[in-house]
Amino acid sequence: MRKGFSLIELIVIIAILPFILIVIDGLFATMFTDVPKSWNTIQDNSVLLNMLRQMQQDVDTAKDLPQSIDGYTAGDELLLIEQADKVIHYQLKDNYVYRYEFSDNQQIPNDTRYWLLPKAKIKWQVYRQDGQNYAVEIQHHSEYTLRGHLIKKMENSHLFYTGILE
């Protein structure tokens, strides 16, 4: 009865060990880099979808999408939504989307919400026909860097909210 490994057994283990370490290294790289990045991507997309859901609710109940109101002018950074009893401003600023809700003739918003979207690129456009605003197009995508490569998620996604005028 022997108490140890033979030379052939040790050579086989030494030969197989590097391949096992390469596989384990790939698993550790995935676990410690890709999984947290994927989690952050999911979180960012959830925040973006929550903001878009709120924006859809506001546009669905809109009375008008004015070009300007109370000294504010709509544009690339500002979207104005007039509802029956309030005006809602969406503003893009420093990786945030701010939502301000103003009651009639008030200078201070009743309600302010914001969404941090550091990876999202958002652009909106109001469509007109015969002098009437009838829809908002929201283009959005998320940009991430993965192992030195720029990746765009949900690129060229367009959300159309129509039927806002009766």
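The values are calculated or read from the model by the stated rules, or taken from the named source; none is laboratory data. Note that the structure is predicted; figures quoted are calculated from it, not measured. Every residue, glycine as well, gets a Cβ built from its backbone with ideal geometry; the counts of neighbours run over all protein chains shown.
Being farther than 25 Å from LYS37 by Cβ and not in a strand (DSSP E or B): is that true of VAL59 here?
So VAL59 fits the description; yes.
From LYS119, LYS123, grab the single residue that is touching a Ser or Thr at 6+ places or on another chain (Cβ under 6 Å) and within 26 Å of ASN45 (Cα to Cα).
When all the criteria are applied, what remains is LYS119.
Out of all the residues in the stretch 64-88, which are charged (D, E, K, R) and free of Cβ contacts under 8 Å to residues at least 40 places away in the same chain?
Of everything in the stretch 64-88, those that are charged (D, E, K, R) and free of Cβ contacts under 8 Å to residues at least 40 places away in the same chain turn out to be ASP70, GLU77, GLU82, ASP85, LYS86.
From the list LYS86, LYS63, LYS3, which residue is over 30 Å from TYR114 (Cβ atoms), among the basic types (Lys, Arg) and more than 18 Å from the chain's Cα centre (by Cα)?
Selected residue: LYS3, the only one of LYS86, LYS63, LYS3 that is over 30 Å from TYR114 (Cβ atoms), among the basic types (Lys, Arg) and more than 18 Å from the chain's Cα centre (by Cα).
Residues of the stretch 35-58 being in contact with a Ser or Thr (Cβ under 8 Å, 6 or more places away or on another chain) and at pLDDT below 85, which ones?
Matches in the stretch 35-58: THR41 only.
Any chance you could count how many residues in the stretch 59-76 are within 19 Å of GLN106 (Cα to Cα) and surrounded by 13 or more Cβ atoms within 10 Å (Cβ to Cβ)?
10
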